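This is the structure I have questions about; it appears just below.
Just so you know, all these numbers are worked out from the coordinates, no wet-lab data involved. Small disclaimer: the values here were computed from a predicted structure and weren't measured. Neighbour counts run over all protein chains shown; Cβ positions are idealised from the backbone, glycine included.
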Amino acid sequence: MLKITDDITIAEWELSESFMRASGPGGQNVNKLSTAVELRFEAARSPNLPAHARARLKRIAGRRWTRDGAVVIRCDETRSQARNREIARARLVGMIRRSLERPRRRVPTRPTAGSKRRRLEAKTRRAALKALRGKVRGEE
């Protein structure tokens, strides 16, 4: 059981882990030990995840969201299988917690009169500078 918040927990049947050989650090162990972890969370079928959080999780997960509605997290950062499991689970918890936060509504603002004036003055100065770059005439 994986605890997300006080009222949301993920059951073990919703998670599946597979281990494979990792690339990267590990010396000779890379060739003989399966330390990389692939954590799969069946998000679309999860009864504990609210619908609004599921929709946001799909957007947050991006390419890690599969066609059948699972989130796949792969971790091969360390030489230890147990540590890679912890990192993968922590990433999943972080993603789910981010999906539970309701995004702030953006309040549209208008530019101030001063910022409009400064912008137009800068455009005028730039135009005057560029106008001086042309060919010089009348000096022959």
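Using a Förster distance of 41 Å, how high is the FRET efficiency between T109 and S80, based on the Cβ-Cβ distance and rounded to 0.05?
Working: r = 50 Å, r/R0 = 1.21.
With a Förster radius of 41 Å, E is 0.25.
Could you please state, rounded to a whole Å, how far the C-alpha centre of region 80-136 is from the C-alpha centre of region 40-67?
Centre-to-centre (Cα) distance: 27 Å.
Another question, then. Which order do the peptides 57-67, 79-89, 122-132, 3-13 take when ranked by the mean count of other beta-carbon atoms within 10 Å per residue, highest first?
Numbers: 57-67: 13.9, 79-89: 16.9, 122-132: 9.2, 3-13: 11.8.
Result, highest mean Cβ count within 10 Å first: 79-89, 57-67, 3-13, 122-132.
Let me ask something additional. Per 0.36 nm of contour for each residue apart, how much would the distance between R133 and K116 grow if the chain were fully extended, relative to their Cα-Cα spacing?
3.5 nm
Still on this model: Straight-line reach from K3: which lysines have a Cα under 27 Å away, not including same-chain ones fewer than 8 places off?
The qualifying lysines are K58.
Could you line up D76, D68 from fewest to most neighbouring Cβ atoms inside 10 Å?
Values: D76 21, D68 9.
Ranked by crowding around the Cβ, least crowded first: D68, D76.
For I60 and S18, calculate 0.36 nm times their separation in residues minus their Cα-Cα distance, and state this gained length in nm to one decimal. Working shown, then result.
Details: separation 42, 0.36 × 42 = 15.12 nm, distance 2.26 nm.
Between I60 and S18, full extension yields an extra 12.9 nm.
At a threshold of 8 angstrom on Cα-Cα distance, excluding pairs fewer than six apart, so keeping six or more, what relative contact order does region 28-140 reach in percent? Show your work: numbers first, answer last.
Details: 84 pairs, mean separation 30.8, N = 113.
Result for region 28-140 is 27 percent.
If you don't mind, another one. Specify whether the C-alpha gyration tensor of region 90-132 places it in the rounded, prolate or oblate class, a ≥ b ≥ c being the square roots of the eigenvalues: rounded for a/c under 1.5, otherwise prolate if a/b is larger than b/c and oblate if not. Don't jump to the answer; show the numbers that get you there.
On the way: a/c = 8.91, a/b = 2.82, b/c = 3.16.
Because a/c hits 1.5 or more and a/b fails to exceed b/c, region 90-132 counts as oblate.
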